[in-house]
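Here the structure comes first, spelled out in structure tokens, and everything after it is commentary.
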Amino acid sequence: MQLTVWTYEGPPHIGAMRVATAMTGLHYILHAPQGDTYADLLFTMIERRGQRPPVTYTTFEARDLGSDTAEIFKRAAVDAVERFQPEAIIVGASCTAELIQDDPGGLARTLGLDVPVIPLELPSYSKKENWGASETFYRLVRGLAQPSLRPKKNGAGRPVCNILGPTALGFRHRDDVREITGLLAHCGIAVNIVAPLGASPSELQFLPVADFNVVLYPEIAEAAARYLEKEFGQPYTRTIPIGVGATEDFVAEVCALAGVPAPDLSDYLSNLPWWSRSVDSNYLTGKRVFVFGDATHAIAAARVAAEELAFTVVGIGTYSREFARPVREAAAAHGVEALITDDYLEVEAAITALQPELILGTQMERHIAKRLGIPCAVISAPVHVQDFPARYAPQMGFEGANVLFDTWVHPLLMGLEEHLLGMFRDDFEFHDEAGASHLGGHAAVPQETAPAALEVGVPTLVWTHDAENELKKIPFFVRGKARRNTEAFARDQMLDTVTLDILYDAKARYGR
Amino acid sequence: MTTLLPRAGAMRPGDLPASVPVLRERGQREVFCGLTSIMWLHRKIQDAFFLIVGSRTCAHLMQSAAGVMIFAEPRFATAIIEERDLAGMADMNEELARTVARLLERRPDIRLLFLVGSCPSEVIKLDLGRAAERLSQVHAPHVRILNFSGSGIETTFTQGEDACLAALVPSLPETLPGAPSLLIAGALADVVEDQFCRLLEQLGIANVSFLPGRKAGEMPAVGPGTRFLLAQPWLKDTARALEDRGAVHLPAPFPLGAEGTTAWLKAAADAWGVSAARFAAVTDMPRARATRSLQRYLPLLSGKSLFCFPDSQIEIPLARFLSREAGMEICEVGTPYLHASHMKPELDLLGADVQLSEGQDVDRQMDRCRAARPDVSVCGMGLANPLEREGLTTKWSIELVFTPIQGYDQAGDLAELIARPLMRKGRLAV
């Protein structure tokens, strides 16, 4: 049993729903009790979709158990096919139906439906949402891609690729697809099929026609891409085009796969490099950031933070256990330890201990940031209604890099403001707890924490009155770090008391 | 699957002779399970914690449904059953004891812990009642541990509150012999409780208490001298549990609108023998104020048609209020569950010619709604945007359980909730 306050991922059938909802002409018959329909509101409320997800829930009750739940499934499947006339159906069970073992796949096969039936086995008690999306997409590709349609080789005509991975409820998937499709066109590469988003089952059979696959979200599409590579000899991309450097790498990778010369990108470049080099952005240099999200977005965000904004990555983590290895590698490259966990409380403890100046995380880290009074920007699912903006706001490609710069810098105090707060912190109108003025001037009241003192077995340090007062003169957004550094310094020196001099000795040692 | 059964009237021949048969449907239900009640219960009882024993789906439901609105650390969590629990590699009772211990260590402020059953825990027949008893002994006297089921296979949305309150009833203290007491059952906003207290006091009804209390140690007493009013329409099991303790139900319409609130208070006043003159002296002024507060919304609501999808069971009292006090015309009133005797005072007022439906086959019901083209559809969050996209104006029903709408001084607010989508429709030019 796992004690959970917030979860980063839903159960695997939610992943299947994300695939089904992204597609057209596909229907999902989900053997599930009353109440599992809550999942519809993820799509209709959070993503503001104007249609219900194409899911029929069988809605069995306690009194049906042991009698005719299988019959209920069969009736629901027949009714749904008749009503919605899908090109294909996927069938499966939610966590409760998994326990009653009705075998939806077997039942559906006995019905003689005149549409392809793709059964899903999504173990609810060991797997999660992204795995469910990946498995569903893989099963669909495996079941529908036509072996007779092989890629046309030998460079006849324009090179063609598929874009794999975007789903419903994905973080900026809609805009990423548009941005990357434009970028590929600029490279002279046509897009055959985008899937799952916007594809129908009948279109999936044409996947093998493309020369190669662009995998935008490995958590969802890597399994399918690997299958397509093995079965049809289609190579797939490894670079995730988030940030300027990664987008340039991505262009080089797709051009090599397509056998076309690298295009002139001079008309296409992002504002980010100049924005980061402009003198104003000096105040960003060395800001300590903590990064958490799915593996793809966390790794990409850490690279952008370090190389393209000159931040210092003080922590990186992911809830995607399946992708722990690349995150560990990225963490090693940034000189930090990776945090691989789907336990919200562990993430909270890590952030509290590290006292970063900026959190790049998910909707869950927003809760933590709010409580600790730390600025936060969202870089990864799970996300909230406000992360589905009306405007065009990709994360990927050159325009995506512009979006990253704006979104990550926005929650921070502006440079001059930060300086003035450091100098005159007792001004009654303009003080550090009033918050950033461009954000409406309401800072969250941060919880002052002294995490080191809470650790078992670590002797408590005493702060002299003078030292404590002096600490309070440091603006709150760096106070936690200053306290932490000072105490670490005092412990190094085998001291049990922090005096005014120790505070400044520590400052001399650690810098800003 | 649809069946037409005679309405409650058939159980009492002659009561509702000309009633339209209730449409009873069986199919996909677009409703929450009872766990969702925890969204307001965990705020109402301030030192209680709700530990769902369930699956990742339960945890995901709570944060998707609740995470939309709640940002603070909630007083609920999920003990997620994992594969090794099901495979018998871990003793589930030991796991649960460990989880509860970890939780109580983290939250020493908790005095009352509910172990909440879910679909998976019910299907595998995990005995949470015994677990609660056993763990209560471990953590007594600091923490009391109770259990109820909010599973979707047994409960719909607000029935979770019913199950929770029914679980509390056996442990409520016994009333002292002597003066009768009035107990008001059903979670209400604090401000509404305070308003009702003032009115009842002016009526001369002392000894008023509310179930649930705001704290674990402030739960009401109950006994043969207790009369109780239901403040919410979903308390079937709670009412039965209170009756088992000797309390007597005062049947009444529910306190929505000027009329409903008056009739509801009148049920208590009559039981306490309050004179008509005194009742009028106390209620005339707030009643007139309630009616006044409705006036500004009447031009928007009057003559407009209403279609209620089943959600919380508040649909029938809501339709009664909107038809009788706001002049709306009713197309269909869906309810997840129709309790014939608790709803009788409402149905008497609503009239026999209104189409009621119980249960749901959501695709068919949406077909009926599209055919009726109502001016306002009250529905759950899964349906609201799809209906809006089809050009139908909607009010999402969950707001009706999250907003103070009961009592005289909220009558205008309730009308405003329904009128706002119509106002918006009138304003938007895009």
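The values are calculated or read from the model by the stated rules, or taken from the named source; none is laboratory data. From a predicted model like this one, the values you see are computed outputs, not experimental measurements. Methodologically, a virtual Cβ is constructed for each residue, glycine included, from the backbone with ideal geometry; neighbour enumeration extends over all protein chains shown.
A few comments on the model shown:
- Flag for residue A:226 being touching a strand residue (DSSP E or B) at 6+ places or on another chain (Cβ under 8 Å) and either assigned to a loop (DSSP other than H, G, I, E, B) or surrounded by fewer than 18 Cβ atoms within 10 Å (Cβ to Cβ) (or both): yes
- The single condition from (1) under 20 Å from the mean Cα position of the chain (by Cα); (2) modelled with pLDDT of 95 or more; (3) outside any strand (DSSP E or B) that residue B:285 fails is (1).
- Test: residue in region B:380-391 that is within 20 Å of residue B:23 (Cβ to Cβ), within 14 Å of chain A (Cβ to nearest Cβ), touching a Lys or Arg at 6+ places or on another chain (Cβ under 9 Å) and surrounded by 16 or more Cβ atoms within 10 Å (Cβ to Cβ): yes
- Filter pass, residue A:291 being at pLDDT 95 or above and more than 22 Å from the chain's Cα centre (by Cα): no
- Subset of region A:115-162 that is among the basic types (Lys, Arg) and surrounded by fewer than 16 Cβ atoms within 10 Å (Cβ to Cβ) - its residue that is modelled with the lowest pLDDT: A:153
- Of the listed requirements (1) more than 25 Å from residue A:400 (Cα to Cα); (2) modelled with pLDDT of 95 or more, residue A:343 misses just one: (2).
- Residue match in region B:404-415 (condition: over 16 Å from residue B:318 (Cβ atoms) and acidic (Asp, Glu)): yes
- Taking the criterion of being in a loop (DSSP other than H, G, I, E, B) and either of a type in the set (A, V, I, L, M, F, W, C) or closer than 16 Å to residue B:377 by Cβ (or both), the residues of region B:288-309 that qualify are B:304, B:309.
- Test result for residue A:33, in contact (Cβ under 8 Å) with a residue 24 or more places away in the chain, in contact with a Cys (Cβ under 8 Å, 6 or more places away or on another chain) and either more than 19 Å from residue A:384 (Cα to Cα) or more than 10 Å from chain B (Cβ to nearest Cβ) (or both): yes
- Residue within region A:44-58 that is within 7 Å of chain B (Cβ to nearest Cβ), touching a strand residue (DSSP E or B) at 6+ places or on another chain (Cβ under 6 Å) and over 15 Å from residue B:61 (Cα atoms) present: yes
- Region A:482-505 residues that are farther than 11 Å from residue A:471 by Cβ, paired with ones that are surrounded by fewer than 17 Cβ atoms within 10 Å (Cβ to Cβ) and of a type in the set (Lys, Arg) (beta carbon under 6 Å, 6 or more apart): A:489/A:509
- Residue within region A:195-203 that is on the phi > 0 side of the Ramachandran plot and either of a type outside the set (Lys, Arg) or touching a Pro at 6+ places or on another chain (Cβ under 7 Å) (or both) present: yes
- Checking A:110, A:69, A:96 one by one, the residue that is more than 9 Å from chain B (Cβ to nearest Cβ) and crowded, with 17+ Cβ neighbours inside 10 Å is A:69 and no other.
- Taken together, the residues in region A:113-132 that are within 13 Å of chain B (Cβ to nearest Cβ) and not hydrophobic (A, V, I, L, M, F, W, C) amount to 9.
- Pair list, Cβ < 8 Å and 6+ apart or interchain, from region A:194-212 residues that are surrounded by fewer than 18 Cβ atoms within 10 Å (Cβ to Cβ) to residues that are part of a loop (DSSP other than H, G, I, E, B) and at pLDDT below 95: A:206/A:146; A:206/A:149
- Among the residues of this structure, residue A:21 counts as one that is among the polar types (S, T, N, Q), buried (at least 23 other Cβ atoms within 10 Å of the Cβ), under 22 Å from the mean Cα position of the chain (by Cα) and more than 8 Å from chain B (Cβ to nearest Cβ).
- Taking the criterion of being within 9 Å of chain A (Cβ to nearest Cβ) and polar (S, T, N, Q), the only residue of region B:357-379 that qualifies is B:360.
- Those residues of region A:47-79 which are in contact (Cβ under 8 Å) with a residue 40 or more places away in the chain and under 33 Å from the mean Cα position of the chain (by Cα), in sequence order: A:47, A:48, A:49, A:53
- Each residue in region B:48-63 was checked for being in a helix (DSSP H, G or I) and either facing another protein chain (nearest Cβ under 8 Å) or of a type outside the set (A, V, I, L, M) (or both), and 7 pass.
- Look at region A:356-384: where a residue is within 13 Å of chain B (Cβ to nearest Cβ) and without any contact (Cβ under 8 Å) to a residue 40 or more places away in the chain, no partner that is basic (Lys, Arg) and surrounded by 21 or more Cβ atoms within 10 Å (Cβ to Cβ) sits 6+ places away or on another chain with Cβ atoms under 9 Å.
- Filter result (touching a Cys at 6+ places or on another chain (Cβ under 8 Å) and either among the aliphatic types (A, V, I, L, M) or modelled with pLDDT under 95 (or both)) within region A:188-210: A:189, A:190, A:191, A:210
- Residue within region B:50-61 that is under 23 Å from residue B:186 (Cα atoms), touching a strand residue (DSSP E or B) at 6+ places or on another chain (Cβ under 6 Å) and small (Gly, Ala, Ser) present: no
- Residue that is farthest from the other protein chains (Cβ to nearest Cβ) [pool: residues in region B:64-105 that are assigned to a helix (DSSP H, G or I) and modelled with pLDDT under 85]: B:66
- Positions within region B:302-325 being surrounded by fewer than 21 Cβ atoms within 10 Å (Cβ to Cβ) and in contact (Cβ under 8 Å) with a residue 40 or more places away in the chain, in sequence order: B:304, B:305, B:324
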